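The values are calculated or read from the model by the stated rules, or taken from the named source; none is laboratory data. Every value quoted in this text rests on a predicted model; they were computed, and no experiment measured them. Every residue, glycine among them, receives a Cβ derived from its backbone with ideal geometry; neighbour counts consider all protein chains shown. These accessible areas exclude ligands, DNA and RNA; they are computed on the full protein's heavy atoms, side chains included. Shrake-Rupley method; radii C 1.70, N 1.55, O 1.52, S 1.80 Å.
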Amino acid sequence: MNAHNPILPGPIAVFDLDGTLAETAGDLIGTLNVILAREGQAALPLDQARDLLGAGARALIQRGFAAAGASLTPERLEQLFQDFLTHYGEHLTDRSHLFPGVVEALDRLEAEGFRLAVCTNKVESHAVALLDALGIGDRFRTIVGKDTFAFSKPDPRHITATIERAGGDLSRAVMVGDSKADVAAAKAAGIPVVGVTFGYTPVPMRDLEPDAVIEHFDALAEAVARLVPRVVVKPAA
């Protein structure tokens, strides 16, 4: 590397996965309902259960059983979590798909010099497999899951460690997500956050007060342009 013209960290856009890049509720709730049925509980309708998503599989199982009026011991929760991971890993894309405009939005950001990364509360192996199956896994400098580090969203270190791992510039970073955990983690990390309205949250996105709200990925590039400072580094003489 030329000491007079070092390679500097670039701007970076960090994306949540479930409910942000991809509509995954069908497969996640489908797996939850398999687990509920095994335990003698009634299935939850998809439209009722979508808002249970966003905090990872353990939380989904806990919330699902609570919604069904049942409780779990910590030991049984761990057993069902492992069962969930096994079943879901075999059904990642039965019904899951990218939201409209995702590929074009990633193209636009990359053309403007952004690194791309994923920071999700999905386990890392499932996140990587899902994004690869959806055809965009190779677009990201890193894909970080709930189990990648010893912390996860809403802990801000989940985002800042993702940015560091991807070689991004924290001062020119933006988070894109759909949930309270995404907004809270980004705010605590000191980076702007774009909230999408089509994801999984029981609280309307605008009530969470992200720095920008979009209803379609067509609007992402413009929102990011307003939030992330442009820094032009002139070559050394």
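Quick look at the numbers
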item	result
Per residue accessible area of the range 43-102, 1.4 Å probe, in Å²	53
Dipole moment magnitude, nearest 20 debye, the chain about Cα centre, only Lys, Arg, Asp, Glu C-beta charged	640
20 Å Cα cut-off, lysine pairs counted over the range 113-237 (separation 8 or more, or different chains)	7
Rule-of-thumb Rg ratio for the range 5-57 [Cα; 2.2 N^0.38 Å; N residues]	1.77
Listed residues LEU170, LEU208, LEU77: farthest to the positive end of the dipole of the chain (Cβ charges)	LEU170
Using alpha carbons only: equivalent-ellipsoid semi-axes of the range 1-103, gyration tensor based, whole Å	36, 17, 12
Over the chain: helical MRE at 222 nm, DSSP H runs n ≥ 4 each giving -39500 (n - 2.57), nearest 500	-11500 deg cm²/dmol
Computed FRET value (nearest 0.05) for ALA37 with ARG165, which takes r as the C-beta separation and R₀ as 45 Å	0.70
Protection proxy ranking of 59-66, 90-97, 18-25 - average other beta-carbon atoms within 10 Å, highest first	18-25, 59-66, 90-97
Total formal charge among the other residues, if their Cβ is under 12 angstrom from that of LEU92, Lys/Arg +1 and Asp/Glu -1	-3
Alpha-carbon centroids, the range 40-109 and the range 131-195: separation in whole Å	19
At 0.890 mPa s and 25 °C, Stokes diffusion of the chain via Kirkwood alpha-carbon radius, µm² per second	134
